[in-house]
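So the structure is just underneath, and the comments pick up after that.
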Amino acid sequence: MNVKSIAIYLCIIGITASPCCFGQENNVPSGLKDAYNDYFKVGVALNTHNFSEEEQKLILDNFNSVTCENAMKPGEINPREGVWQWEGADRIANWCRQHKISMRGHCLVWHNQFAEWMMYDQKGELVPKEVFYQRLRSYIHTVMNRYKDIVYCWDVVNEAITDQQRPAWGNQPAGTPYRESKLYELCGDEFIAKAFEYAREADPEALLFYNDYNATDKGKSQRIYDMVKKMKDSGVPIDGIGMQGHYNIYGPSMDDVSAAIEKYASLVPHIHITELDIRANEEMGGQLQFSRQNEEIKPYIQILHAYQYTQLFKTLRRYKDVIDVVTFWNLSDRDSWLGASNYPLLFDRELKPKNAYHLVKNFEPYRDDSLPTEDFQPSALNQPEQEYPMVNSEGYARFRIDAPQAKSVIVSLSPEGSGGTVLRKGKDGYWWGTTDGPLEPGFHYYHLILDGGIFNDPGALNYFDSHRWESGIEIPAH
Ligand code: XIL
């Protein structure tokens, strides 16, 4: 173990010498925003309860972009005709002005938390769409003008694309790619174009975004792409795409994240990750049922969670030229919209940084592009005839496990203090993974963790350590 791995290990078991594992004496940047200075801004969604002294310190140390979690939504600001409620949005905006932190505006048009009244007359009937457009234009101008000094971009339209498009069948054409909301019923897709036009008029300086969840899903990303392309081709001013990023510990795969970013980047110059959280259950996306049971988070779940975060940030760093900001959806698990038992953020319910926080912050840039040399050989301590595990000349170890029923497989060995190497299921049905870097030369005990249960690696020989028979692997010395 080197000094850094020892420090991370101490963090995992709860022993910290200072509020953070790595003091500035090591020249490690102090907060997330500093660590990502050369990459993108790091943002956070806040509500009006987030301003205790302790929370303000966390915000100021770590973030350089702020989104209102709810306070700038139309339903909050202008719930009824003539009723304007600025208090929440003003409080957060004024705090940002005072601390010189610029804001992402969220959001102007959405089928939820919307100023529904704009679409109806006094009898409760839908108004002609022209009436709606007049009201919408006036709303967009009023709100954007009030915050144009502090808001650098707006989610102009949120979640207008459907999750499931009915495929063409026989003589039946395919279903609509749009969400069948009241907005769509009233205006078709024209409300999207109008909202962007009004927003550009109101503040020509602000960057304008289309924002959605499940934006890495293959079908949905194609629908988002097609819609934005169609709009842009007809002159609608869309500057960027917001990928919300409500992910989970099992997905999406980094291949899907990369493919979506590349697809969107071919169309717009700005991509924002707008609402990042990684939940501990299998749900994904924007409006699903959440597990809110007060469960303890098992250690293997914490490893999967940290792994998904570190892999995601590694992937996002590769696209720093097109990604301007990555915003977390809430400050800590304490007030996450998913509930603390979903374990979604980098700060826990006590506002303490998790191991995932340190791993995301203290990355080593040179590792981002370094791949292991492909001279892997079966480990000298394998069972007869077994190919895996393998080791290479630099000390990386590679594992292949056959566990068709498992939802997750972790190897209890890692060089980076993450607590283990997470394997991912390949197209061939095996679980595959390579350590994040070289292991120390010499003999290592290890085991597999399958959905929390401990097993030995059938490919390796077994050795007795002080507690149990463990698998063994030998990393050759130079
Ligand atoms: C969520 C807020 O976090 C909750 O407090 C609120 O009750 C519902 O909305 N996609 C979005 C966000 O664009 O505005 C949503 O925020 C989360 C899903």
Just to verify a number: FRET efficiency for residue 298 and residue 230, C-beta to C-beta distance, R0 = 51 Å, to 0.05? 0.65
Could you work out how much longer the chain between residue 352 and residue 201 gets when fully extended? Use 0.36 nm per residue separation minus the Cα distance between them, nm to one decimal. 50.0 nm
Ignoring ligands, DNA and RNA, what accessible area per residue does the chain give at 1.4 Å, in Å²? 45
Net lengthening on full extension, residue 369/residue 318 (0.36 nm per residue, minus Cα-Cα): 17.5 nm
If each DSSP helix of 4+ residues adds -39,500 (n - 2.57) and the sum is divided by the residues in the chain, what number results at 222 nm, nearest 500 deg cm²/dmol? -8500 deg cm²/dmol
Report in % the part of the accessible area of the chain that belongs to carbon and sulfur, leaving out ligands and nucleic acids; probe 1.4 Å. 50
For a Förster distance of 25 Å, can you work out the FRET efficiency between the beta-carbons of residue 465 and residue 394, rounded to the nearest 0.05? 0.45
Full-extension gain in nm, residue 112 to residue 387, via 0.36 nm per residue minus C-alpha separation: 93.6 nm
Quick check: Cα centre of region 77-139 to Cα centre of region 338-399, how many Å? 45
Averaging sequence separations of C-alpha pairs under 8 Å and six or more residues apart, then dividing by the length of the chain, give the relative contact order as a whole percent. 11
Using per-residue counts of other Cβ atoms within 10 Å, averaged over each peptide, order 379-391, 39-51 from highest down. 39-51, 379-391
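The values are calculated or read from the model by the stated rules, or taken from the named source; none is laboratory data. Fair warning: this is a prediction, and the values are worked out from it, not measured in the lab. Neighbour counts are summed over all protein chains in view; Cβ atoms, including those assigned to glycine, are modelled from backbone coordinates with ideal geometry. Just the protein is used for accessible areas: all its heavy atoms, side chains included, with ligands, DNA and RNA removed. Shrake-Rupley method; radii C 1.70, N 1.55, O 1.52, S 1.80 Å.
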